[in-house]
Ligand code: C5P
C-alpha cells in the first residue's frame, strides 16, 4: 500500500495562472491513490474550469460557502476536519494576506480558519509581489502561526519577468506533503550518507568508474529527510537531482569522497544536531590509476603500443569510519551507527548463501555495525534498477532478509530499522 492510498486531501486553488500546474498535482495525488476534494476560489475558476477539476479529482468542486454540498450546510467545518492534508496551490498574495489577517469571507478562508491539521501553502505570484514588504510580513506571520510553505521557486514567471515567484513543481509539493505527514523518528538527528559511483581519472578525458546510478543512496536520503533527519549527502557523479533539504557535497574521486566524509566525521560534535549514523551506499572505486596523465594518452603510431595501466588502492571510507567508531566505543563514548552496503555477485545454484557468506566475512573485515547486502545479479537487483532485495547483517549476528521492494521502500525500512536501535 502506497503512502497516499489511505489519505484524503483537500487541494485548495487560488486565482493565479499557476493553477494550471495544480492540475498535475491532482493527477499525481489520484495516481498515488489519495482521495481528493478540490476547493476553488471564484478567481481560481477564471483560470481552470469546474469540469476539469471534477474530472481530475473525481468529485464535484467546492467553491461557494453559501451553496454547500452537505445537507447540514457545514461543508467548511467538515472539509477542515476530515482531510489528512490541506494544500493551497497556488497560494496567491491575496490568499496569504487574508490568511494572515484571519479573514473568513469565503469557503477557502473559513476552511483554513477551522483547520487544525497540517496545511501546506505553495505561493505563486509575480516576483515583485512576492518581494513586497506586505507579502513578506504576511508570510512571516503565517510561519509564526505554524503554517508551512513550499517555494516559491526562482525562474521565469508567466508575465515574462524572472525571479522568485514560480509555484513549486507538483512533485515537490507532493513531496512536501509527504514530509509533513510522515512520522519523524529521526527528528533532531544528523545522518551522513555517501552515494553514487566515483570516477578515477586516467587523463583529462578518460576515467575508471562503475555502474552505480546513486538510486539506492538517493532513496536512503529521501527516507531520512521524510523521517525528519538533517542529511549530509556526499555523492559522486550521478544524473539525479539532489533531494530538497539535503546538504549535498558533490565529489568526483574516491579520495575526494574520503576527504569530504572525514571532514564531516571530524566536525560531527560541532554540528548541531550531532551525527547519529553514517550510511555508506556509495560504490567507491577500489583502485585508481597510479599516475594521472596531464594530457590525453595517445595511441601508438605504427605498431600498437598499449600503455600499461598501473593501479593503486583507494582508502576504504567504511573501514576507516568503522574503526573510528569502534575506538570511540572502547573509550566509553557512544559513536554514530556505521552502516555499509555490499553489492555482491552470486550466480551459482546457492547464490543467496554464497553472497551471505561473502558478506559476513566483509562485515567482520570492515568492522561496521550493519551491512546491507544484495546480489546485483539477482532479478530486480541490478545497478540502476528501481527495486532491490536485501539482507541486513548485524554485528550481533542478527540477520533479516527483506522481500523484493522498491529502493524507496528499502530506504524507508532501513531508516525505521535504525531508528529502533536508538531507543
Ligand atoms: O568492499 P566493498 O566495495 O564491497 O564494500 C562496500 C561498502 O564499503 C560500501 O558501503 C561502500 O560505500 C564502502 N566502501 C568505502 N570505501 C571504499 C570501498 C568501499 O566506503 N574504498
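Ranking of 344, 361, 412, 200 by neighbouring Cβ atoms within 10 Å, starting from the fewest: 361, 344, 412, 200.
What is the ratio of the Cα radius of gyration of segment 267-423 to 2.2 N^0.38 Å, where N is its residue count, to two decimals? Each step should come with its number before you reach the end.
Numbers: Rg = 19.6 Å, N = 157, 2.2 N^0.38 = 15.0 Å.
Computed over Cα atoms of segment 267-423, the ratio equals 1.30.
Comparing 394, 172, 132 in a Gaussian network model of the chain (Cα springs below 10 Å), the most mobile by mean-square fluctuation is 132.
Across segment 87-133, Cα pairs under 8 Å and at least six residues apart give a relative contact order of 54 percent.
Extension gain, residue 1 to residue 209: 0.36 nm times the residue separation minus the Cα-Cα distance gives 71.2 nm.
Determine the relative contact order of the chain: mean sequence separation of Cα pairs under 8 Å and six or more apart, normalised by residue count, in whole percent.
Values: 870 pairs, mean separation 45.4, N = 423.
Computed value for the chain: 11 percent relative contact order.
Computed over every Cα-Cα pair of the chain and binned at 20 Å starting from 0, the pair-distance distribution P(r) comes out as 23, 44, 28, 5, 0 percent.
State the volume of the convex hull built on the alpha-carbon positions of segment 342-423, expressed per residue in Å³ and rounded to an integer. Could you put the intermediate results ahead of the total?
Details: hull volume 7.3 nm³, N = 82.
Per-residue hull volume (Cα only) is 89 Å³.
Of the residues 362, 296, 21, the one that moves most in a GNM of the chain with alpha-carbon contacts below 10 Å is 296.
Fully extending the segment from residue 400 to residue 182, taken as 0.36 nm per residue of separation minus the present Cα-Cα distance, adds 76.0 nm. Of the peptides 173-185, 119-131, the order by per-residue mean of other Cβ atoms within 10 Å, starting with the highest, comes out as 119-131, 173-185.
Exposure proxy ranking for 422, 341, 47, 383, based on other Cβ atoms within 10 angstrom of each Cβ and starting from the fewest, stands as 422, 383, 47, 341. Once the convex hull of all Cα atoms in segment 239-310 is built, its volume per residue stands at 151 Å³. In the chain, helices alone account for a calculated mean residue ellipticity at 222 nm of -10500 deg cm²/dmol, with every DSSP H run of four or more residues adding -39,500 (n - 2.57). Only Cα pairs under 8 Å and 6+ residues apart enter the sum, and on that basis the relative contact order of segment 329-423 stands at 21 percent.
Computed from the C-beta positions of residue 244 and residue 306 and an R0 of 35 Å, the FRET efficiency is 0.15 to the nearest 0.05. Less than 18 Å from a label point 7 Å out along the Cα-to-Cβ axis of residue 297: which backbone N atoms in segment 184-199 qualify, by residue? 199, by backbone N distance to the label point.
With r defined as the distance between the Cβ atoms of residue 364 and residue 131 and R0 fixed at 56 Å, what FRET efficiency is calculated, to the nearest 0.05? Show your work: numbers first, answer last.
Numbers: r = 58 Å, r/R0 = 1.04.
In this case the efficiency is close to 0.45.
Build a GNM of the chain with springs between Cα atoms under 10 Å apart, and of 333, 256, 81 the one that fluctuates most is 333. Counting only alpha carbon atoms, the long axis of helix 407-422 and the longest principal axis of the chain meet at about 80°.
For the residues 208, 51, 421, what sequence is obtained by ranking on other C-beta atoms within 10 Å, fewest first?
Details: 208 18, 51 9, 421 12.
Final ranking by Cβ density, sparse to dense: 51, 421, 208.
Ratio of Rg to Rh for segment 68-159: 1.01 [Cα atoms; Kirkwood radius as inverse mean 1/r over pairs]. What is segment 1-122 by shape, rounded, prolate or oblate, if you read a ≥ b ≥ c off the alpha carbon gyration tensor as root eigenvalues and call it rounded for a/c under 1.5, prolate for a/b larger than b/c, and oblate otherwise? Taking the square roots of the gyration eigenvalues as a ≥ b ≥ c, segment 1-122 is rounded.
Give the peptides 6-15, 97-106, 161-170 in descending order of average Cβ contacts within 10 Å, highest first. List each step's numbers first, then the result.
On the way: 6-15: 22.5, 97-106: 16.4, 161-170: 19.0.
Ranked from most to least packed, the peptides come out as 6-15, 161-170, 97-106.
Kindly state, to the nearest 0.05, the FRET efficiency for residue 269 paired with residue 20, given R0 = 30 Å and r defined as their beta-carbon distance. Walk me through the numbers on the way to the answer.
Numbers: r = 49 Å, r/R0 = 1.63.
E(calc), rounded to 0.05, equals 0.05.
FYI, it's all coordinate maths here, none of it is from the lab. In this text the structure is predicted, and so the values were computed from the model without any measurement. FYI the Cβ positions are ideal-geometry reconstructions off the backbone, even for glycines, and counts take in every protein chain you see.
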